[in-house]
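The values are calculated or read from the model by the stated rules, or taken from the named source; none is laboratory data. Given the structure is predicted, the values throughout are model-derived calculations rather than measurements. Cβ sites come from the backbone with ideal geometry, for glycine too, and all protein chains shown count toward neighbours. Protein only, heavy atoms only, side chains kept; ligands, DNA and RNA dropped before computing areas. Shrake-Rupley method; radii C 1.70, N 1.55, O 1.52, S 1.80 Å.
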Amino acid sequence: MSFAKTSVLTINKKLSSHFLILLLLSVLIQLWPVIFTQPARFAVRIAICNSLLLLSASALYRYLPGKIIALILTAMLTLNFSIAFSTWHVYQSEFNTVFAMSIMATHIAEVKSMSGLYINSLPVVIAYFFITWYAIKSLSENLSGRAKAISIVLLVGYMGWYSTVNWLKKRKDLEVYYPLSSRILTNTPFYTGSEFIIARRDSALADKISHQNVHYPALQYQDTGIENYVVIVGESARRSNMQLYGFNQDTTPVESAFQHNALIFGHAIAPASATVLAVPMILSNADPDNFTVDKLADNIVSIARKAGYHTEWISAQGNSGKSNNYIVAIASASEKAQWITTQYDTELLPALDEALKKNGKKFIVLHINGSHEMACDRYPASADVLHTGNKYEDCYNNAIRYTDYFIGEVAKRLQNSASSILYFSDHGLEKNPQLESIYMHGSRNPSKEAYEVPQYIWYSHPALASQKRQLGWVPGFWSTANNYGLMLSWLGISTGIENCSSLLEACYQEPTLFPVMDGGRHIFDYDQLRETFSSPGRNTPWRKPKTGSL
């Protein structure tokens, strides 16, 4: 017998003699992210179900079909663990619907770009796969037939009991938002699948947005003296890292020069900490409390088109389907929507040049990648100009500076015509000193950093010459969830409904409450959040969206 074969047999024998340890280790590894992010009752239920699944799989392992089933089960458990562990490892958060929607909407270029965030999780994931596989194999070799039979009976009984309990709750309408299958999976070691079910359901609902007919009492357009309106939807830009807002590095040389011909919002607050929720609320009549089909259907892209604007949506963020998230549904309301595979945001400029050739008044949305993770991939080597010695700090600030350069290129194309730019970031990022890449999306227990964003309206000289414009700094707080009303005024559109949510209207009054939503769709009062990620944690009160919200 060869040395290699002898070694393998010895290892298998040792593993078999520790079958209960392997079972316990497999279950504990699967629970790793759950323990840190979920109540204890969820961890207990998942542990029970996981143990019964492995024991039941061992009963079938001796047969070839059983080995195939065991392999599929191990792969599914590993996939669930890899998703949950990577989310917890990078974001210190549970996997939720927002993450699921982001995965469903992710394109190949973004996967390649963000792979660096998750590569460190790979050894743990591989180890879990082999531990689980050997746990099933050793259980099969060491458990009695009676113990295996009891395991199958207990698994069937457990799943039957819990499914019945959730079905009864569903009948009483106590779990309106969550589908029955989602509620059942939540308490199994396939709990991430629960969020994908919800995400898929929400994506189907998003399709209704583009087919919803919104009635306006008296839709009218008043000439503004501006021909070209360009909205730049930024990505993951922290206001505090911009020279325009007092940052001590030269990150926004172009935008800092805008101060004499722009309306700059000093304290803009995003309504959500993730793109898939924030952008739809910013561009529509929806808000954290009322995230409904009819509110999302009432969006600025649709209404600008109805008011006679030529509307175009030009995106670097990718589109994974015809209408499978809220952003795509809103974008599809434009006359022309295109998702361009880019390495850098400047590759959108040729499409902008073509859009500007259209006759008449135009409303163009540029959805850029900005400083989204990983920030090091968001700019070319020629734009690597800021160096402090901290790689990821420099990467992020150089990405902010490259967005500034991109905005400058857009402004150059508009400066000789009556044009205006509205720029804002979809959300901010939290600064986590314990994370190698430093900056991350806000999710569980967010701080104010996750919502603090830049925003301004820039006017070309011909636009300033045509009419009087409101310029200078807006000192008060501003929720970008009110950008829908702001853009109506900016575009010269009235609907027959009073628009007092717009800063550009005489009836505007600064609000006193600023609701914001986290990745789990919990709604917080911005003022009650901790200041930064590093601030002491708070048990900040939250509420659910109103009935009817998606």
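Can you tell me how many residues in region 247-271 are in a strand (DSSP E or B) and touching a Pro at 6+ places or on another chain (Cβ under 7 Å)? Adding up the residues that qualify gives 2. Among the residues of region 462-507, those identified as in contact with a Phe, Trp or Tyr (Cβ under 9 Å, 6 or more places away or on another chain), touching a residue at least 24 places away in the same chain (Cβ under 8 Å) and hydroxyl-bearing (Ser, Thr, Tyr) are Ser479, Thr480, Ser494, Thr495. Restricting attention to region 488-498, the residues that are part of a loop (DSSP other than H, G, I, E, B) and touching a strand residue (DSSP E or B) at 6+ places or on another chain (Cβ under 9 Å) add up to 3. Of all the listed residues (Val301, Val328), the sole one being modelled with pLDDT of 95 or more, β-branched (Val, Ile, Thr) and either within 19 Å of Ala272 (Cβ to Cβ) or under 19 Å from the mean Cα position of the chain (by Cα) (or both) is Val301. Checking each residue in region 502-550 for being within 19 Å of Thr292 (Cβ to Cβ) and hydrophobic (A, V, I, L, M, F, W, C) picks out Val516, Met517, Ile523, Leu550. Selection over region 436-488 of residues that are open to solvent by 50 Å² or more (accessible area, probe 1.4 Å), within 30 Å of Ser121 (Cα to Cα) and not polar (S, T, N, Q) gives a count of 2. Scanning region 375-399 for residues that are open to solvent by 10 Å² or more (accessible area, probe 1.4 Å), aliphatic (A, V, I, L, M) and modelled with pLDDT of 95 or more yields Ala381, Ala383, Val385, Leu386. Just need a number here: residues in region 337-374 that are of a type outside the set (D, E, K, R), over 21 Å from Pro454 (Cα atoms), open to solvent by 20 Å² or more (accessible area, probe 1.4 Å) and in contact with an Asp or Glu (Cβ under 9 Å, 6 or more places away or on another chain). Total meeting the criteria: 6. More than 19 Å from the chain's Cα centre (by Cα) and surrounded by 19 or more Cβ atoms within 10 Å (Cβ to Cβ): does that describe Asn248? Judged against the criteria, Asn248 is not a match.
Can you pull out every residue in region 424-435 that is among the hydrophobic types (A, V, I, L, M, F, W, C) and buried (at least 19 other Cβ atoms within 10 Å of the Cβ)? Correct list: Phe424, Leu429.
The single condition among (1) touching a residue at least 24 places away in the same chain (Cβ under 8 Å); (2) acidic (Asp, Glu); (3) open to solvent by less than 40 Å² (accessible area, probe 1.4 Å) that Asp525 does not meet is (1). Looking only at residues in region 40-93 that are outside any helix (DSSP H, G or I) and open to solvent by 30 Å² or more (accessible area, probe 1.4 Å), the one that is farthest from Ala135 (Cα to Cα) is Gln92. Taken together, the residues in region 109-133 that are at pLDDT below 90, surrounded by 15 or more Cβ atoms within 10 Å (Cβ to Cβ) and not charged (D, E, K, R) amount to 6.
Please work out if Ala304 is buried (at least 20 other Cβ atoms within 10 Å of the Cβ) and assigned to a loop (DSSP other than H, G, I, E, B). In short, no. Restricting Tyr396, Tyr392 to those that are touching a helix residue (DSSP H, G or I) at 6+ places or on another chain (Cβ under 8 Å), among the aromatic types (Phe, Trp, Tyr) and closer than 26 Å to Ile282 by Cβ reduces the list to Tyr396.
Remark: Asn285 falls outside the filter, which requires a residue to be buried (at least 18 other Cβ atoms within 10 Å of the Cβ), under 14 Å from Val365 (Cα atoms) and among the polar types (S, T, N, Q). Figure legend. Inter-residue proximity from region 251-271: first residues under 22 Å from Ser479 (Cβ atoms), second residues among the polar types (S, T, N, Q), beta-carbon distance below 6 Å, spacing 6+ or different chains. Indicated pairs: Leu263/Gln470; Phe265/Gln455; Ala268/Gln455; Ala268/Thr480; Ile269/Ser479; Ala270/Thr480. Note on region 405-423: among residues that are farther than 17 Å from Gln243 by Cβ and within 27 Å of the chain's Cα centre (by Cα), the one that is surrounded by the most Cβ atoms within 10 Å (Cβ to Cβ) is Val410. Among the residues making up region 253-279, those that are closer than 27 Å to Tyr91 by Cβ and hydroxyl-bearing (Ser, Thr, Tyr) are Ser273, Thr275. Would you check which residues across region 186-240 are within 30 Å of Asp250 (Cα to Cα) and open to solvent by less than 60 Å² (accessible area, probe 1.4 Å) and list them? If the condition is that a residue be within 30 Å of Asp250 (Cα to Cα) and open to solvent by less than 60 Å² (accessible area, probe 1.4 Å), then Asn228, Tyr229, Val230, Val231, Ile232, Val233, Gly234, Glu235, Ser236, Ala237, Arg238, Arg239 are the ones that fit. Of all residues in region 281-294, those satisfying the criterion of being part of a helix (DSSP H, G or I) and at pLDDT below 95 are Val293, Asp294. In the set (1) buried (at least 23 other Cβ atoms within 10 Å of the Cβ); (2) more than 15 Å from the chain's Cα centre (by Cα); (3) of a type outside the set (Asp, Glu); (4) modelled with pLDDT of 95 or more, the condition left unmet by Ala270 is number (2).
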